[in-house]
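Right, one structure below, let's go through it.
The values are calculated or read from the model by the stated rules, or taken from the named source; none is laboratory data. These numbers come from a predicted model, not from an experiment. Every residue, glycine among them, receives a Cβ derived from its backbone with ideal geometry; neighbour counts consider all protein chains shown.
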Amino acid sequence: MMKLKLSYLLLMAALPAAAYADDQALSPWYVGIGAGQTNYGPNCEASKMATCGKDDPFAWEFFSGYSFNEYLAVEIGYRNLGHADWVDYANNHNDISVKGGTLGVVGTWPLKYNWSLNAELGGYVFNNSNRVNHGAAEYNHQSVAPYYGVGVGYDVNENVRISAKYRRYEDIDETRFANLDMDANYWGLTVSYRFGDAPKAAPVNETVAVVPVVVAPVDSDNDGVVDSQDQCANTPATHKVDANGCSIYVDKLEKLTIAAQFDNNSSVVKADSYGEIEKAANFLNKYPQADIEIAGHASLPGKASYNLWLSQKRADAVAKILVDKYGIAASRVTAKGYGENQPIMQGDSAEANAANRRIEGNMSFKEKQPLLK
């Protein structure tokens, strides 16, 4: 048995050197320790002619293994299964301990979240030692017993695994003195360490062709300019855009001219002229930044000074209606009389005089509008 222990320790000492032969990947080699509790059976409790003593069920082990792949490994180890203590029917005190080496195979089935199931099967080269009557005599029995077990493992990281184990040992008998047919049930925990590091990605060398991944350019707002160059996201689909993806705006000139006629020598606005004035009010409301100039005019008959005064009164009358009736701000309305200096029809005929007795309103506004497709 001493030779068995020494051989195993020498093997354990050699493992790290083998494990780190290639430090760029996980080694197939691993080592571990474990501890738990053994229940021998049948023991003294099965015999009505025996008296139970104080058992020491503490068991421990150390082991090493070699993984062929993630599913199959072979293990060699040393296990001490603890003591069983009783007084038999002949009043002899028996103190049996079982220890020895193991060799077996371990199957592992990986599960999610670093969990796994395992099962093992092997042989136990054991020494069953019975110290009779507190050492007055000692009997040893060496043999090989089969064992099998199941367990649940959890990988703490790539190198460390913790496992909960159950094992059953058959026929670890003591036949020299107590003639006891013994089996054992074991429950415990093991911690194993696998040498090496996780596999690293192989470096790309000059002989490996690297195929570039071509990513199609994205145009999220479908304006014809890709997102990487688009400085104006989400432009309306109906707008024309420039090279930066921004809407193109143009100045659109909005203008309106109104006209109203007056009776001879009168500045009273006639009822049929209110439609023209309302058009002016609507335009000014639509374009709040636009202003209006109301130009008053007179026909040729009469003194020029009087005609200038009359044309101003006509312009003021229309301006007052815009302000008082339609609520246009006075600051936006300018009224100016031009007298008889700007006739639209030459001469002093009745037709020319009727045409020249008038006001004209001129409004214009430049508005930026998007250029549509």
message = Tally up the residues in the stretch 279-330 that are surrounded by fewer than 19 Cβ atoms within 10 Å (Cβ to Cβ), polar (S, T, N, Q) and within 16 Å of G361 (Cβ to Cβ), please.
response = 3
inquiry  = Among the numbered criteria (1) without any contact (Cβ under 8 Å) to a residue 60 or more places away in the chain; (2) under 19 Å from I344 (Cα atoms); (3) not hydroxyl-bearing (S, T, Y), which one does A259 miss?
reply    = (1)
remark   = When restricted to N69, N91, the only residue outside any strand (DSSP E or B), out of contact with any Pro (no Cβ under 8 Å at 6 or more places or on another chain), modelled with pLDDT of 90 or more and not charged (D, E, K, R) is N69
query = Listed residues K373, K366; which is closer than 20 Å to K255 by Cβ and surrounded by fewer than 16 Cβ atoms within 10 Å (Cβ to Cβ)?
reply = K366
inquiry  = Out of everything in the stretch 194-235 that is of a type in the set (A, V, I, L, M), surrounded by 10 or more Cβ atoms within 10 Å (Cβ to Cβ) and at pLDDT below 85, what residue ends up being nearest to I162 (Cα to Cα)?
reply    = A198
inquiry  = polar (S, T, N, Q), outside any loop (DSSP other than H, G, I, E, B), more than 21 Å from I172 (Cβ to Cβ) and in contact with a Phe, Trp or Tyr (Cβ under 7 Å, 6 or more places away or on another chain): which single residue out of T108, T102 fits that description?
reply    = T108
